[in-house]
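See structure below.
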Amino acid sequence: MKIGMIIFCLVMSNLSFAGTWGILAFENDSAQDWYLDVSSSLTPNEDINRALSLEPNAFVESYECEMALAASELLASKLDGDLNAIPFKNNIWVTSGKIEANDAKIELAIIALNRCLNISNSELAVLWSESSMYKEFKVGVEKLLNRLQR
């Protein structure tokens, strides 16, 4: 039994687990999981509000920005009807009456996205700034901001 456990630990220590991570809102595992939860939620508007309500004056963790980006993408898609950035089948619910894209929620999204772009208070911005893809990340978030500000 001990030898089996030792072999298991050695095998597991040599494996590397990598998740999906990309510049667009749904190109990471956390946002994809969040989307699946929200799409089946009885309270999607509350879920979106929670994702967009970043704690004021606090350093924003990368996963918080990932959720805020995903929630903002849902709102932008609701506003303009463009579902291309949502890589899931049966995403038509986003443009139905299930999601409210009111002015207050749009303002929350704009504030959250601007915070997530700010290197001085966003882990996600810091991580992207240390990569060769920072410019693409920034352009993607700015495009999302533009969709929300129409």
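The values are calculated or read from the model by the stated rules, or taken from the named source; none is laboratory data. If you're wondering where the values come from, they're calculated on a predicted model, not measured in any experiment. Ligands, DNA and RNA are excluded from the accessible area calculation, which covers all protein heavy atoms including side chains. Shrake-Rupley method; radii C 1.70, N 1.55, O 1.52, S 1.80 Å.
Summary of computed values
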read-out	value
Calculated on alpha-carbon atoms, Rg and Dmax of segment 27-125 in Å	12.8, 38
Under 16 Å from Lys98, Cα to Cα: lysines that are on another chain or at least 8 residues apart	Lys78
Accessible surface ranking that places the most exposed of Glu130, Glu100 first, with a 1.4 angstrom probe	Glu130, Glu100
Accessible area in the full protein assembly, largest first, 1.4 Å probe, for Leu42, Leu83	Leu42, Leu83
Accessible-area value, Leu145, 1.4 Å probe, nucleic acids and ligands omitted, Å²	10 Å²
Relative contact order of the chain, pairs being alpha-carbon contacts under 8 Å that are 6 or more residues apart, as %	26 percent
